[in-house]
1. Pairs only if they're at least six apart or on different chains, beta carbon under 7 angstrom, first in the stretch 95-108 and at negative phi and in a loop (DSSP other than H, G, I, E, B), second at pLDDT 80 or above and β-branched (Val, Ile, Thr); list them, first residue then second.
2. Among the residues of the stretch 37-74, which ones are outside any helix (DSSP H, G or I) and either not assigned by TED's automatic domain parsing to the domain that holds residue 123 or not β-branched (Val, Ile, Thr) (or both)?
3. Can you spot a residue in the stretch 195-217 that is under 17 Å from residue 178 (Cβ atoms), free of Cβ contacts under 8 Å to residues at least 60 places away in the same chain and touching a Leu at 6+ places or on another chain (Cβ under 9 Å)?
4. Which condition breaks for residue 238 when tested against (1) buried (at least 24 other Cβ atoms within 10 Å of the Cβ); (2) outside any helix (DSSP H, G or I)?
5. Of the conditions (1) touching a Pro at 6+ places or on another chain (Cβ under 9 Å); (2) not polar (S, T, N, Q); (3) not in a loop (DSSP other than H, G, I, E, B), residue 86 fails just one. Which one is it?
6. Quick check, is residue 191 buried (at least 17 other Cβ atoms within 10 Å of the Cβ) and assigned by TED's automatic domain parsing to the domain that holds residue 253?
7. Taking the criterion of being closer than 30 Å to residue 240 by Cβ and surrounded by 12 or more Cβ atoms within 10 Å (Cβ to Cβ), would at least one residue in the stretch 138-152 satisfy it?
8. Give 129, 90 a once-over and let me know the one that is surrounded by 18 or more Cβ atoms within 10 Å (Cβ to Cβ), in contact with a Leu (Cβ under 7 Å, 6 or more places away or on another chain) and in contact (Cβ under 8 Å) with a residue 12 or more places away in the chain.
Amino acid sequence: MGEVRGYGSARALRSWITEYLLEWQLTDARSERKLQRRVNALAATVNSDVDVVCFVKPSGLCPFCNLATRVLVAAAGTDEPHFSLYVADLFHDDRESLREMLCVPVITWPVIFIRGAYVEGGASAVAQLDKDGKLLERVRAERAVFVPKPIAATTYPRPQLLHQAGGGPWRGCQTRIYGNVLRGIALLQICLLVPAHELTSRGHYLASVPLLALLALDSLMFTLFGPTPWSPLGCLATLVVWHRRGTVAPLIPYKVTFGGLYLIMNVAGVVCRLADAPYAAALVANASSTADEDAHASAFCELIRSDGLVWTMVTNSLALAIFRF
């Protein structure tokens, strides 16, 4: 059936550490010659005698990669294989090379080739082919020869703030981000969240407002537009990590997180702290309000200031800073 390697805990950890270290190498140090060698090696794998080649994200944490692997392994069979299958990790330099091969701004997982032809849609496309009973038909089709284009590596020796990761328009709603810029933003979020929480826990409600307001504004700009030049934390993170900015990643999932968690929670936190009493001014009833209404408003702000919500944001930022799912 070909090579299909499972993920034990030790191998998953080694793969993650390898990928993490590779993402912190100097981004613009990749020469065209080095990338071209990797492109040629990947093209040779795709054009080999293996029927299906599936490149997955290292560490086994990608649910789409796991889905595609399960579907392909089951379809390939074991005792009497229906087709040969090769599943392999795709590390940093190979991913950048593959991005150039496919002429796409960002690689989405997994990357699948059937008989030399690239499968757009990845895991969902393969799962649908299997569900419709057309996967084996696709595998038995005539082999296509994958011919990669010559590599033309683009370098940016100086930080680019009027820029979208991977190129393209930076005005409007950006859809891509550099991986280590996201990690930098997450660390800066922690640097604002923890002091704000400490100030609040000591009764200095107003002193924490600027920190939370900056987080709310940053999350709003990040969600509506993108990290640069719109987000203050995005700009700072870009300047700090530019030479080791890492690979291009999809931005939309992180926009959902920032808008749904950081923006809402920090706006509510600012409103609560600006009130004379420790609950949101917007929820404080007028002169005719009842004690029950005041109690509900107070309970709302107690929830917003609670350790659980604060550490939820801190934990999420820490996970982004380390793993960048």
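1. What qualifies is 105/248; 106/248.
2. Within the stretch 37-74, 47, 48, 49, 51, 54, 55, 57, 58, 59, 60, 61, 62 meet the criteria.
3. Taking the stretch 195-217 first, the residues under 17 Å from residue 178 (Cβ atoms) are none.
No - not one qualifying residue is present in the stretch 195-217.
4. Here residue 238 meets the rest and fails (2).
5. (1)
6. In short, no.
7. Looking through the stretch 138-152, at least one residue is closer than 30 Å to residue 240 by Cβ and surrounded by 12 or more Cβ atoms within 10 Å (Cβ to Cβ).
8. 90
The values are calculated or read from the model by the stated rules, or taken from the named source; none is laboratory data. Just so we're clear, the structure is a prediction, and the values are computed from it rather than from any experiment. Quick reminder, even Gly has a Cβ in these numbers, built from the backbone with ideal geometry, and neighbours come from all protein chains shown.
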